[in-house]
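J.: Below is a structure I'd like to ask you about.
The values are calculated or read from the model by the stated rules, or taken from the named source; none is laboratory data. In this text the structure is predicted, and so the values were computed from the model without any measurement. So basically every Cβ, Gly included, is an ideal-geometry build from the backbone, and we count neighbours across all protein chains shown. To get the accessible areas, we keep the full protein, side chains included, count just its heavy atoms, and leave off ligands, DNA and RNA. Shrake-Rupley method; radii C 1.70, N 1.55, O 1.52, S 1.80 Å.
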Protein chains: 2
Amino acid sequence: MAQKPSLPQGTRDFGPLTVQRRKYILNAIETVFKKYGFMPLETPSMEQLSTLTGKYGEEGDQLLYKIINSGNYLDKLVEYNEKGLGQENEDTTFLPSVDGSLRNLDAKKALPFIAEKGLRYDLTVPFARYVVMNRNDITLPFKRYQMQAVWRADKPQKGRYREFWQCDADVIGSNSLLNEAELLKMYDEVFSILQIPVSIKINNRKLLSALAKYIGAADKFMGITVAIDKLDKIGMEGVKTILEKIGLNQDQCDAVLKFLALSKDPAALPKIEAMLGHLEEGALGCTELAKLFAFLKTLNTQNQIQIDVTLARGLSYYTGAIVEVQANAGSLTSSIGGGGRYDNLTDIFGLPGISGVGISFGLDRIYDVMEDLNLFPETLRANETKILFCYFDEATQLRALELCASVRTKGIAAEIYPDVTKKISKQLEYANKLKINYACIIGSNEMETGKYNLKNLISGEQREVSQEDLTQIAY
Amino acid sequence: MAQKPSLPQGTRDFGPLTVQRRKYILNAIETVFKKYGFMPLETPSMEQLSTLTGKYGEEGDQLLYKIINSGNYLDKLVEYNEKGLGQENEDTTFLPSVDGSLRNLDAKKALPFIAEKGLRYDLTVPFARYVVMNRNDITLPFKRYQMQAVWRADKPQKGRYREFWQCDADVIGSNSLLNEAELLKMYDEVFSILQIPVSIKINNRKLLSALAKYIGAADKFMGITVAIDKLDKIGMEGVKTILEKIGLNQDQCDAVLKFLALSKDPAALPKIEAMLGHLEEGALGCTELAKLFAFLKTLNTQNQIQIDVTLARGLSYYTGAIVEVQANAGSLTSSIGGGGRYDNLTDIFGLPGISGVGISFGLDRIYDVMEDLNLFPETLRANETKILFCYFDEATQLRALELCASVRTKGIAAEIYPDVTKKISKQLEYANKLKINYACIIGSNEMETGKYNLKNLISGEQREVSQEDLTQIAY
């Protein structure tokens, strides 16, 4: 019996018009990446689980898609378990199944024996792995871009998919803040091309670190950062509740909230300096922000770029600048881009001392925002066909094919209706449905005279043309 | 301790130059696809295993990459097994583990409970699924192209990867042989652009079907096809051995070999017709081939397109024309493209009566052939940067940044060396390693005069230019 096919939850087909629109966005991003000297990299969809695990926190590990080993995937699991069971005094706590039963098989312990590969979760960890594996062939500073799908077994919801695309640009092997400035300018340029009004927010992790020291809670830095990161969703009161929960006293909480209140201040920098400038990291954070803005002035950005001290970003590997982009219009307020500087990303793969900074564009969210704001150019169509050749019978079909071929030699996208048995009205219906602008109908008269009727299907205008004319018209 | 990272077997990183070269091939293929009116489609990397299983033969099922269910992936397996074990008189032969032990867990039976998704194996089955799911929104004939990765857990070897790209163009909903002709012309055009000398071989499954009837072995059609498909590897004697094994007698074998001997005949068609023309399918196969060549003559193909009666192609769903492309030069003789007509592909998903025909380009094999034949344009570089701005200190850095920004406003790819502390020689070394052609060095003198030194790093030639000159040079 025929099966009714379906798609895995959280995944999507992209039909012709959608692909063209996605390509429109990708093209805008890639054009800017290349203009700033970034070089393309592509890594495999599958990585060793050992490469991925432990890089995205415990929650991230849960969201990794794991691929079952090829061949008899149970053999390793059974063998390991049996060996343990066979030995005397074996410590059974480390066995996937303490008594060899399926019921007591521990899913987490069993996993490494049945799955060694996973789908990539982001583009940053594969990039770090690539850098370490190719360290001898890479010229530093290395500016790479990467535009590929990533997969997360997250609960699907509006704007969140299980397969989605990231477009990353990173510079590694350079400490210069010029990189941060150029990356911010690239955000500015891409969103100007796409005509999405955006807020680009920047902060510096060093300020958050100084803040933690300032209130005498340096040991709670990550906890404070995670709390601040939730401000958008839970508000000041919510943040305060979390801060209390992780053990801050009233004075400490008040100081954090006072700091966060600076986010609405257009001249925040001197006030931040007054508060944290006496601490080494505070002074450094302020100097870095000031320098960054000096570069940005030279680069002449179009969109609003503002310091937002409440910007924290969840990822633990950021150590300097952090940045986030939000659309300023429409109903979709979630982040459409983000990034920052990291100093230790390649350490875990055995290559310390490489600093990097990067930004990421979320293709799927940008798409959703553009659709919401009706920003896709009207000229984007499912196909690029300029003209359809129609005909009546086998003789006129051959002439139509000849004309179609000669138009194509000029690089013009053209089609000939394939089936000889269809009526002209059916052929024109095909052209209309596909929004092809021109039709050329070949009858026996036209074959004799060598003069063909070219019809503009939108205006209805008709004109008589020769074969040569057909190849020279600006369709 | 730092881990030493590695890649899963059979997968590859593509560094900047490799990506540019792959894009060069993809771009040639896509340009032709679009010129012939094909529209892009993209389907998810993951499909339901129910969509994929049973479509590629038993061997194909083995080669599917399966993804472990999210959450506690063992729960369903244990629950099903326990239910069975708990019921009286339960037929334990259908349980994943007949006695509830890990040792007796049947890998094949357990699989559907722990994995419901798999990675796509080709682009044809996902396309058929898409057509069936979107049948009401699709205008027929539907011409779609799709250029995406596919995954097969095959034994890696030269030219065979576990993640590789296919570029497919298919027309569905039209029986016209004009489609076959245009698809063959597309092969012809793409390989002309890429300058790969190729042999395009065509055959018709109807002839093989007629041959089976002719020798009185219609029931052994697929067996005979599979044997013929192996001719390249095992020779005539090898084919004969297989034919004997599947039960053909001496006369039958001789007739098949006599038919196969026609492959070297430049005027094979009348001889095939003499042999098989009295059978309905034989006559039809010959008529179709003759008509196809008439269309091809009008389309004016450049590469050799020849009938090869020994072409069988393994896939069982082909029903009419079959085609295969091989490089005519170099050491890599395996197929770099193939396709054919299928009449029943959407049947299995509940949509009968849709005929289709398609071709596929194997990106990775085409890449290997082009590398082997040294066919990539010399102009392809890892990046597209035309000019690097160099400087001495913080003051000259700002001017360099300003100049770099003004060059970029003209769409010219430009870079500024990011770190202020490096010597000029270090900066020029960066330009040389990245094969950037021009360098512009900004000193305090240049800042004062507004005249900058532009150096061609290949010819060594130097000239004095203004800021405006810099934006107008043809780099």
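J.: When only the heavy atoms of the protein chains count and the probe is 1.4 Å, how do A:Lys76, A:Lys66 rank by accessible area, highest first? If you can, show how the numbers build up before the last one.
T.: Details: A:Lys76 100, A:Lys66 35 Å².
I get A:Lys76, A:Lys66, largest accessible area first.
J.: Give the separation of the Cα centroids, segment B:64-109 to segment B:149-193, in Å.
T.: The distance from the Cα centre of segment B:64-109 to that of segment B:149-193 comes to 40 Å.
J.: Can I ask one more? Describe numerically, in nm with one decimal, the distance between label points set 7 Å from Cα along Cα→Cβ at B:Asn72 and at A:Asn453.
T.: Output for this residue pair reads 7.3 nm.
J.: Right, here's the next one. Exceeding 28 Å between C-alpha atoms, which entries from my cross-link table qualify? They are A:Lys83/B:Lys117; A:Lys23/B:Lys422; B:Lys23/B:Lys386. The partial results should precede the final answer.
T.: Values: A:Lys83/B:Lys117 32 Å; A:Lys23/B:Lys422 39 Å; B:Lys23/B:Lys386 20 Å.
With Cα atoms farther than 28 Å apart: A:Lys83/B:Lys117; A:Lys23/B:Lys422.
J.: Here is a further query. Run down the aspartates and glutamates and flag those whose C-alpha is under 18 Å from the C-alpha of A:Lys455, throwing out any fewer than 8 positions away in its chain.
T.: Within the straight-line cut-off, A:Lys455 pairs with A:Glu384, A:Glu415, A:Glu429, A:Glu446, A:Glu464, A:Glu468, A:Asp469.
J.: Given the whole protein assembly as supplied and a 1.4 Å probe, what does the accessible area of A:Asp75 come to in Å², nearest 10?
T.: 90
J.: Relative contact order of chain A, please, whole-number percent, based on alpha carbon pairs below 8 angstrom and at least 6 residues apart.
T.: On the way: 755 pairs, mean separation 70.4, N = 475.
So the answer I get is 15 percent.
J.: Give me the percent relative contact order of segment A:65-116, please, defined on Cα pairs under 8 angstrom at least 6 residues apart. Let's see the in-between values first.
T.: Numbers: 50 pairs, mean separation 24.1, N = 52.
Normalised by residue count, the contact order of segment A:65-116 is 46 percent.
J.: Right, another one. Find how much the distance from A:Ala274 to A:Ser316 grows on full extension, using 0.36 nm per residue of separation minus their present alpha carbon separation; answer in nm with one decimal.
T.: This chain segment gains 12.4 nm when fully extended.
J.: Please give the Cα centre distance for segment A:1-58 versus segment A:371-399, rounded to the nearest Å.
T.: Rounded to whole Å, the Cα centres lie 28 Å apart.
J.: Follow-up. When each copy gets a label point 7 Å from Cα toward the beta-carbon at A:Ser459, what are the spacings between them in nm, shortest first?
T.: 4.7
J.: What figure, in Å² to the nearest 10, do you get for the accessible area of B:His278 with a 1.4 Å probe and non-protein molecules left out?
T.: Approximately 130 Å² of B:His278 is accessible to the 1.4 Å probe.
J.: Enumerate the aspartates and glutamates that A:Lys155 could reach by cross-link, defined here as Cα to Cα under 19 Å, with residues fewer than 8 away along the same chain left out.
T.: Once the sequence-local aspartates and glutamates are set aside, what remains near A:Lys155 is A:Asp13, A:Glu58, A:Glu59, A:Asp61, A:Asp122, A:Glu163, A:Asp364, A:Asp368, B:Glu47, B:Asp75, B:Glu116.
J.: Using 0.36 nm times the number of residues separating A:Ser101 and A:Thr333, minus their current alpha carbon distance, what extension gain do you get? Each step should come with its number before you reach the end.
T.: Values: separation 232, 0.36 × 232 = 83.52 nm, distance 4.97 nm.
Full extension of this stretch gives 78.6 nm more.
J.: Would you mind listing how long segment B:413-468 runs along its three principal axes, going by Cα atoms, in whole Å with the largest first?
T.: The Cα atoms of segment B:413-468 stretch 30, 28, 20 Å along the principal axes, largest first.
J.: Label-to-label distances across copies for B:Lys264, with labels 7 Å out along Cα→Cβ, in nm, shortest first?
T.: Distances to the matching label points in the other copies: 8.9 nm.
J.: Can you give the calculated 222 nm mean residue ellipticity of the protein assembly as shown, where each DSSP H run of n ≥ 4 adds -39,500 (n - 2.57) and the sum is split over every residue, rounded to the nearest 500 deg cm²/dmol? Each step should come with its number before you reach the end.
T.: Values: 36 runs with 398 residues, N = 950.
Helices in the protein assembly as shown give a 222 nm mean residue ellipticity of -12500 deg cm²/dmol.
J.: Let me ask you something else. With every protein chain in place, what's the accessible area of B:Lys386 (1.4 Å probe, Å², nearest 10)?
T.: About 80 Å², rounded to the nearest 10.
J.: While we're on this one: Please give, to one decimal in nm, the separation of the simple spin-label points placed at B:Asp347 and A:Asp251, each 7 Å out from Cα toward the Cβ.
T.: 8.3
J.: Further, regarding this structure: In the protein assembly as shown, how does Rg compare with the Kirkwood Rh, expressed as the Rg/Rh ratio over alpha carbon atoms? Display every interim value, and only then the final one.
T.: Details: Rg = 31.9 Å, Rh = 31.7 Å.
Value, to two decimals: 1.01.
J.: Ordering B:Phe293, A:Phe191 from largest to smallest accessible area (1.4 angstrom probe), what's the sequence?
T.: Listed by decreasing accessible area, they come as B:Phe293, A:Phe191.
J.: With a length cut of 20 Å (Cα positions projected on each helix's long axis) and a Kyte-Doolittle mean of at least 0.0, go through chain B and give me the DSSP H helices that pass.
T.: Numbers: long enough: B:16-35 (28 Å, -0.29); B:177-193 (24 Å, 0.41); B:280-299 (28 Å, 0.60); B:394-408 (21 Å, 0.17).
The qualifying helices are B:177-193, B:280-299, B:394-408.
J.: Show B:Phe164, A:Phe392 ordered by accessible area, largest first, where the area counts protein heavy atoms only and the probe is 1.4 Å.
T.: Details: B:Phe164 40, A:Phe392 115 Å².
Output order, biggest surface exposure first: A:Phe392, B:Phe164.
J.: Evaluate the charge dipole of segment B:65-116 about its Cα centre and quote only its size in Debye, nearest 20, assuming +1 on the Cβ of each Lys and Arg and -1 on the Cβ of each Asp and Glu. All intermediate terms of the calculation are to be shown ahead of the outcome.
T.: On the way: 6 positive and 9 negative charges, 64 e Å.
I would put it at about 300 debye.
J.: Sticking with this one: How many nm separate the modelled label positions at A:Ala218 and A:Thr31, each set 7 Å beyond the Cα in the direction of the Cβ?
T.: My value for the distance between the label points is 4.9 nm.
J.: Report Rg(Cα)/(2.2 N^0.38 Å) for chain A, keeping two decimals. Mind dumping the intermediate values first?
T.: On the way: Rg = 29.6 Å, N = 475, 2.2 N^0.38 = 22.9 Å.
That ratio works out to 1.29.
J.: Starting from a label point 7 Å past Cα on the Cβ side, list the distances from A:Asn432 to the same position in the other copies, nm, shortest first.
T.: Copy-to-copy label distances for A:Asn432: 6.7 nm.
J.: Further, regarding this structure: Between A:Gln467 and A:Ile193, what length in nm is gained on full extension when 0.36 nm per residue of separation is reduced by their alpha carbon distance?
T.: Numbers: separation 274, 0.36 × 274 = 98.64 nm, distance 3.91 nm.
Stretched out fully, the A:Gln467 to A:Ile193 stretch lengthens by 94.7 nm.
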